[in-house]
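Notes for the one structure printed next.
The values are calculated or read from the model by the stated rules, or taken from the named source; none is laboratory data. All values derive from a computational prediction rather than experimental measurement. When we count neighbours, we look across all protein chains shown, and the Cβ atoms used for this are built from the backbone with ideal geometry, even at glycine. Note: areas computed on protein heavy atoms with side chains; ligands, DNA, RNA excluded. Shrake-Rupley method; radii C 1.70, N 1.55, O 1.52, S 1.80 Å.
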Amino acid sequence: MRVRSALLLSLFVATPVCALDGCVLDVDLAQRSLQALRAQARTCGARPWPAAQPLRWQAALGESARRYAVELAALDRLDHVGAQGATLRTRLREVGYVMRVSGENLAGGPETLDEALAQWLASPVHCENLMAADFEEFGLACVAGPGRLQRYWVLQLAAPAGPAASAAPRPVEPR
């Protein structure tokens, strides 16, 4: 796996690529994947959601996601509240991100981003986070750990503080 990681790193020299303990994350590929996913209207649970604008990579969100993935891997658990009681809002403040709205998707086990996205799309609440029009930026991390889940994915979605770019996300009403 380390040889593959090194090979992938050399192939994407101009692309931000994170390789942490066996997880390889190509930020440009992640952005394209999320853009394609959000470009299509979809149903999350029983609620239809319209297509949403593309998300932009945000380095502070990426750092916050990485830090939290490291913590989750060390603890071998998935929980939106950290070991010291930190919430997503706290984690974002710690990296200097001032948000208007935020959300977080966690996954444990998937080996690839496509598998993590499929897991999130199968969960109505996580799917709604992926499709929420209020979110403008994202940070994503994957960290491998020795525990039962092996890989820990953290996707943080947010919009920076300031004038609201859009109204609260609303599902599409069935016709």
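Would you point out the residue of the range 120-139, among those that are crowded, with 18+ Cβ neighbours inside 10 Å and of a type in the set (Gly, Ala, Ser), that is nearest to VAL98 (Cα to Cα)?
Of everything passing the filter in the range 120-139, GLY139 is nearest to VAL98 (Cα to Cα).
Can you tell me how many residues in the range 138-175 are at pLDDT 90 or above and either at positive phi or out of contact with any strand residue (DSSP E or B) (no Cβ under 9 Å at 6 or more places or on another chain) (or both)?
1
Taking the range 107-119 as the region of interest, how many residues are in contact with a Lys or Arg (Cβ under 8 Å, 6 or more places away or on another chain) and surrounded by fewer than 18 Cβ atoms within 10 Å (Cβ to Cβ)?
Qualifying residue count for the region: 2.
From the residues in the range 49-106 that are touching a His at 6+ places or on another chain (Cβ under 8 Å) and open to solvent by less than 20 Å² (accessible area, probe 1.4 Å), which one is farthest from GLN35 (Cα to Cα)?
Restricting to residues being touching a His at 6+ places or on another chain (Cβ under 8 Å) and open to solvent by less than 20 Å² (accessible area, probe 1.4 Å), the top hit is LEU106.
Here's the yes/no breakdown for (1) among the hydrophobic types (A, V, I, L, M, F, W, C); (2) over 14 Å from PRO160 (Cβ atoms); (3) touching a residue at least 60 places away in the same chain (Cβ under 8 Å):
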| site | (1), (2), (3) |
| --- | --- |
| ALA30 | yes, yes, yes |
| ARG38 | no, yes, yes |
| TRP57 | yes, no, yes |
| ARG66 | no, yes, yes |
| ALA69 | yes, yes, yes |
| ALA73 | yes, yes, yes |
| ARG100 | no, no, yes |
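Whether any residue in the range 43-60 is in contact with a Gly (Cβ under 8 Å, 6 or more places away or on another chain), of a type in the set (A, V, I, L, M) and under 22 Å from GLU128 (Cα atoms) is what I want to check.
Within the range 43-60, none of the residues are in contact with a Gly (Cβ under 8 Å, 6 or more places away or on another chain), of a type in the set (A, V, I, L, M) and under 22 Å from GLU128 (Cα atoms).
Can you list the helices (runs of 4 or more DSSP H) lying wholly within the range 1-77 that have 2 or more residues being modelled with pLDDT of 90 or more and not charged (D, E, K, R)?
Qualifying helices (runs of 4 or more DSSP H): 27-38, 59-75.
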